[in-house]
1. For the condition among the polar types (S, T, N, Q), within 29 Å of the chain's Cα centre (by Cα) and surrounded by fewer than 18 Cβ atoms within 10 Å (Cβ to Cβ), what is the one hit in Q70, Q108, Q95?
2. Restricting to the stretch 326-339, name every residue that is open to solvent by 20 Å² or more (accessible area, probe 1.4 Å) and assigned to a helix (DSSP H, G or I).
3. Starting from residues that are assigned to a helix (DSSP H, G or I) and at pLDDT 90 or above, keep the ones in the stretch 118-145 and report whichever is least open to solvent (accessible area, probe 1.4 Å).
4. Within the set of pairs 6+ apart or on separate chains, which have a first residue in the stretch 322-346 that is over 17 Å from E386 (Cβ atoms), a second that is of a type in the set (A, V, I, L, M) and open to solvent by less than 70 Å² (accessible area, probe 1.4 Å), and C-beta atoms under 6 Å apart?
5. Out of E429, E379, report the one residue that is at pLDDT below 85, open to solvent by 40 Å² or more (accessible area, probe 1.4 Å) and either more than 17 Å from F335 (Cα to Cα) or in a helix (DSSP H, G or I) (or both).
6. In the stretch 195-246, what count of residues is obtained for those that are charged (D, E, K, R), over 26 Å from D166 (Cβ atoms) and more than 22 Å from the chain's Cα centre (by Cα)?
7. For the stretch 186-210, enumerate the residues that are assigned to a loop (DSSP other than H, G, I, E, B), modelled with pLDDT of 90 or more and of a type in the set (A, V, I, L, M, F, W, C).
8. Provide a single number: the residues in the stretch 166-216 that are closer than 23 Å to N235 by Cβ, open to solvent by 70 Å² or more (accessible area, probe 1.4 Å) and in contact with a strand residue (DSSP E or B) (Cβ under 9 Å, 6 or more places away or on another chain).
Amino acid sequence: MLIATGDWIGMFPWSPHLLNQDLHFNKVSSKDCILEPLSLPESPGGTTALEGSPSVPCIFCEEHFPMDEQDKLLKHMIIEHKMVIADVKLVADFQRYILYWRKRFTEQPVTDFCSVIRINSTAPLEEQDNYFLLCDVLPEDRVLREELQKQRLKEILEQQQQERNDNNFHGICMFCNEEFFGNRSVLLNHMAREHAFNIGLPDNIVNCNEFLCTLQKKLDNLQCLYCEKTFRDKNTLKDHMRKKQHRRINPKNREYDRFYVINYLLSNPSVLPTKELGKSWEEVQLEDDRELLDHQEDDWSDWEERPDSAVCLFCEKQAETIEKLCVHMEEAHDFDLLKIKSELGLNFYQQVKLVNFIRRQIHQCRCYSCHVKFKSKAELRTHMEETKHTSLLPERKIWDQPEYYFPTYENDILLCTLSDSESDLTAQEQNGNITIISEDTSKLHALKQTSILNQLLLHEGLKN
């Protein structure tokens, strides 16, 4: 089956921006395009991948990827093998799914199983390209997905029943270090009652030990369980979670989905045919367990948490305010952002585009003044400081483009500190760029009929 591009873009729930960039991979220089989200360096304390985690092979070659880097494998198969898997997040066991099709593709041609997607179908023949779509339209794929769902559900229900009946559980409270023995519900009810930390009813949870270890590791890394910010010490973190009412898990973090039985039921239509029969784990978390939550703390006094830091445009120096960061960039790199903003009369959106433009050039180790590319950022900084190129911006038409509305780094705090204050208006007035609000001319005919000028013209005509 042959499919045009527009018919299949909406079929994939994973990384749509990544897919769009990958499809144009051959049109953009591979050295310059950025195929994954970037993040600026942060303070230590974030989570890291578990060592020795199982890997998944590519369907076509010997490349292997860790299970927690599933998107990298999917991107590899698109770029290298032109293979797209639809509705990946609905596959109950991704590793078994890949291994099954890896074996089948050695037995029969790919075209026996996959629909063919023609890219640039209206372009000349030499510019067209074919991609392969593997989805549950194929009966064999649909049966495989259903069997994997049933197998996973069976394993989860068996594990849940074993945990519910286990009276040899041993755990330590994450907040007061008190030890608990017997059933897991004793510890979970204690944290809900004494510390207002409710992750749902015990009977709704599976793989409880792994769940508690995951949460404990975040706390050990000084990371808030709700907003997931990191703090300098345990006392600051404890005060933050108590005063900000952050003694709960982040409902947007999909990492926790696997610890709630309801998610395995929702993914199995043979068990729950309608949405009314199930609910998401966020709803499970918010269940009204009044008996456990009678003793919540009421004293939530204001406090000042550690502010986020913005990162320098040219190095990894961080500062808590834009004023401090601007002083650093002026002294260390001879780059005066406030002066440039004033001289060019930049409004907020133009500042955003300028910052994103500079970020991208520095990320690609390219001098934005002379366009020379270097092997490392250190060499680029040395060049720009020696030649004074940090202060030599290119023409406005180079960086004042819509593409630079989008941040180069997803966590660029500097963008949040830019302002469009009265000083901007002053700079505009100095440059003569005063904004003029035009008159509403949508009802021009009516204006002409009722205008006082008609009376004046008539009066002048009679006089003459």
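1. Details: Q70 fails: surrounded by fewer than 18 Cβ atoms within 10 Å (Cβ to Cβ); Q108 fails: within 29 Å of the chain's Cα centre (by Cα).
Matching residue, one of Q70, Q108, Q95: Q95.
2. V327, H328, E330, E331, A332, L338, K339
3. My answer is D141.
4. Cβ pairs passing all conditions: L325/A310; L325/A319; C326/L337; S342/A427; G345/A427.
5. Exactly one residue qualifies, and that residue is E429.
6. Qualifying residue count, the stretch 195-246: 8.
7. Applying the first criterion (assigned to a loop (DSSP other than H, G, I, E, B)) to the stretch 186-210 yields 196-201, 206-207.
Now narrow it down to the ones that are modelled with pLDDT of 90 or more: 206-207.
Within the stretch 186-210, just V206 meets the criteria.
8. Residues flagged as closer than 23 Å to N235 by Cβ, open to solvent by 70 Å² or more (accessible area, probe 1.4 Å) and in contact with a strand residue (DSSP E or B) (Cβ under 9 Å, 6 or more places away or on another chain) within the stretch 166-216 amount to 3.
The values are calculated or read from the model by the stated rules, or taken from the named source; none is laboratory data. This structure is a prediction, so every number in the text was calculated from the model and none was measured. Cβ coordinates were reconstructed from backbone atoms using ideal geometry, including for glycine residues, and neighbour counts include every protein chain displayed. SASA here: full protein model, heavy atoms, side chains in, ligands and nucleic acids out. Shrake-Rupley method; radii C 1.70, N 1.55, O 1.52, S 1.80 Å.
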